Amino acid sequence: MVLDRITRPNDIKKLSREEILELSSEIRNFLLESISKNGGHLASNLGVVELTIALHLCLDLYKDTLVWDVGHQCYTHKILTGRKDGFDKLRKFKGLSGFPDPSESSCDPFIAGHSSTAVSLGLGFAQAAGLKGSDEKIVSVIGDGALTGGLAYEALNNASNLNRNFLIILNDNQLSISENVGGMSKHLAGLRTSSGYQGLKAGVHSSLEKIPGGDKLAKSIHKTKSGIKHLMIHGMVFEDMDIMYLGPVYGHDIFALKSMIEKAFLYDGPVVLHVITEKGRGYEPAIRHPARFHGTGPFEKETGLPLGAKISSYTDVFSTVMRKLGDRNEKIIGITAAMKDGVGLKRFANMFPDRFFDVGIAEGHAVTFAAALAKRGLIPVVAVYSSFLQRAYDEIVHDVGISHAHVIFAIDRAGLVGEDGRTHHGIFDLSYMSTIPDMVICAPKNKWELSDMIKFAVSYDGPIAIRYPRGAACDMFKEKRAAVELGRSEVISESEKHEDNCRVLIFALGEMVKTAVDIPGKVGQKADVDVVNARFAQPLDREFLDKAAGEYDLIVTLEDNVRSGGFGEHVTAYMSDIGYKGHVLNIAIPDTYVEHGSVGELMHELGMDADSVANRITDWVYKE
């Protein structure tokens, strides 16, 4: 196999033209075989095989800089830089990351797990190269979906001042994860399909073919297309920003791409090369269902059907409840930032299209937009991944918090998300959301409590956030379904009391309740351990904590958030304020960036599984 000869960066340059064409086929087959067994990002990576090969042919990866946005489309890049043998542990504990990672290879200049950052990063690298007198080439690959994010435009605005080459590859597959929305998407579609451009192109080609040597000239024009386009399309957004625009060009012809990239490098300034690719190329199920194959678990390669039984997730529960509430209450609005499928709003969008808004990759806009809707008496629900909501912190404070707008934040993927790792773990939301006065923050212990909390949030009058994890919804504790009341906790289990024993309270939040109930039986006999579902991280159940201060020697808080500024620290501060004489032990994620791996492996590694927590409690009890 040609692929077996790629063991280091730049090995691709040793291949013949025929071998390079064979390589593209082998890589696509390798990706399909590997991801079908282990899971990963499939559709986006199948779409950039030829583009990645062309870039590697044009760049010296020991010297030049290649930035990917979003980084999940970097699999072919990893293969071409000698990491193929690591794909059996891709996105697994202690294995390869699913995103660019400088700790793996110097060919990855930056960790890029979120969208719309590539132009800013590339511009920074280009300016640094200019200041240092380096002649390195800088390339940023940005998806058309990422151009719905404001950060990309801030960077493009500043790129116009650059006086050295900087190549921006616009990878246009007409999709982010779901369908693209907004003005830029329509503008790019216009560039792809302009009837004036297409008609003139056909006419010029027809005329050229009638003169001697005209067929060669026609082929040259067909490869670049830019000359004809510049005659017909005026005021293009990139050129109006003093950025050279080339394209659009076909993204699955390696050598045509290579030629265009080499031409783009000749320009002394920023260049946008518009490349048309097909998401999921080469695998029909991924072409038909690109959103489903954006990030996928193991599947049957022949059919594309997932392996294993379908398990109801918290996202599924949210989806069902939103659809039902939308039918009952015409004030409810669904809002997402390019994640209609991921956050479970697809059914709501299909049933209530006039009350559903996909704002693109623009979390800040989503929040401010929702605040205005709330101020007009509507009930907006902003459904967003925890790690993406971080990007809208200012808008949450300024536009929702200060105005006390009744905006509901449905925070999906809270806590550890597993294989997507550092850039996607939702382990900061309790900290940053709890800094906002009057922000209510709750977390369900199981699927029924999520349903009840959503209904409570609709009836509440003010900003409120519900955080819930990725994956299977807990179906334990069905008999524990006390009504949701603001700032009220719920007793899950009480131990038999012994006169000389240490009294221990485990005060657990959300997903950690199911861990908490396994702990009492693992603690030594000198402790009587009760488990309480906190339900609310803000406001705390002060009435219960006041009572607990006189009953417990040790209070253990349990949360899947970083320790700093989290739920546990707020409990500790309150207990100190009321003069609690016992000890508070905060079990939380250490203040670090957590790597990728299964949630179970990570919980054990972080000392947050039931055995580890029980050992810490036992150590404290017996030391006392």
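Some points to look at:
- Search result, residues across the stretch 338-377 that are farther than 20 Å from TYR153 by Cα and in contact with a strand residue (DSSP E or B) (Cβ under 6 Å, 6 or more places away or on another chain): LYS340, VAL343, LEU345, PHE348, ALA349, ARG355, PHE356, PHE357, ALA370, LEU373, ALA374
- Residue tally, condition touching a His at 6+ places or on another chain (Cβ under 9 Å) and of a type in the set (A, V, I, L, M, F, W, C), over the stretch 577-624: 4
- Scanning the stretch 543-550 turns up no residue that is touching a helix residue (DSSP H, G or I) at 6+ places or on another chain (Cβ under 8 Å) and farther than 18 Å from GLU494 by Cβ.
- Residue within the stretch 157-173 that is of a type in the set (D, E, K, R), under 28 Å from the mean Cα position of the chain (by Cα), modelled with pLDDT of 55 or more and in a helix (DSSP H, G or I) present: no
Rundown of residues vs (1) surrounded by 20 or more Cβ atoms within 10 Å (Cβ to Cβ); (2) in a loop (DSSP other than H, G, I, E, B); (3) not assigned by TED's automatic domain parsing to the domain that holds LEU416; (4) not basic (Lys, Arg), yes/no style:
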site	(1), (2), (3), (4)
GLY565	no, yes, yes, yes
THR572	no, no, yes, yes
MET575	yes, no, yes, yes
HIS596	yes, yes, yes, yes
GLU601	no, no, yes, yes
MET608	yes, yes, yes, yes
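- Just one of the numbered conditions (1) touching a residue at least 40 places away in the same chain (Cβ under 8 Å); (2) crowded, with 17+ Cβ neighbours inside 10 Å is not true of ASN501: (1).
- Qualifying residue in the stretch 95-112 (condition: over 16 Å from THR423 (Cα atoms), surrounded by 20 or more Cβ atoms within 10 Å (Cβ to Cβ) and of a type in the set (Ser, Thr, Tyr)): no
- SER25 vs. criteria in contact with a strand residue (DSSP E or B) (Cβ under 6 Å, 6 or more places away or on another chain) and among the hydroxyl-bearing types (Ser, Thr, Tyr): no
- Among (1) in a helix (DSSP H, G or I); (2) touching a strand residue (DSSP E or B) at 6+ places or on another chain (Cβ under 9 Å); (3) touching a residue at least 60 places away in the same chain (Cβ under 8 Å) - the single one ILE12 does not satisfy: (2)
For every residue, the table says whether it meets (1) assigned by TED's automatic domain parsing to the domain that holds LEU80; (2) crowded, with 23+ Cβ neighbours inside 10 Å; (3) closer than 17 Å to LYS279 by Cα.
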position: LYS14; (1), (2), (3): yes, no, no
position: ARG17; (1), (2), (3): yes, no, no
position: GLU26; (1), (2), (3): yes, no, no
position: LEU31; (1), (2), (3): yes, no, yes
position: VAL49; (1), (2), (3): yes, yes, yes
position: CYS58; (1), (2), (3): yes, no, no
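- Take the conditions (1) over 30 Å from LEU90 (Cα atoms); (2) surrounded by 23 or more Cβ atoms within 10 Å (Cβ to Cβ); (3) among the hydrophobic types (A, V, I, L, M, F, W, C); ALA405 misses just one of them, which is (2).
- Of the helices (runs of 4 or more DSSP H) lying entirely inside the stretch 29-129, those containing at least 3 residues that are of a type in the set (A, V, I, L, M) and at pLDDT 95 or above span 49-58.
- All positions within the stretch 395-437 that are touching a helix residue (DSSP H, G or I) at 6+ places or on another chain (Cβ under 7 Å) and over 30 Å from SER97 (Cα atoms): GLU395, ILE396, ASP399, VAL400, SER403, ALA405, HIS406, VAL407, ILE408, SER434, ILE436, PRO437
- Residues that are over 24 Å from LEU42 (Cα atoms) and either without any contact (Cβ under 8 Å) to a residue 60 or more places away in the chain or outside any helix (DSSP H, G or I) (or both) within the stretch 251-272 comprise ALA256, SER259, MET260, LYS263, PHE265, LEU266, TYR267, ASP268, GLY269, PRO270, VAL271, VAL272, listed in sequence order.
The values are calculated or read from the model by the stated rules, or taken from the named source; none is laboratory data. For clarity, every value in this text was computed on a predicted model and none was experimentally measured. We place every Cβ from the backbone using ideal geometry, glycine too, and count neighbours over all the protein chains shown.
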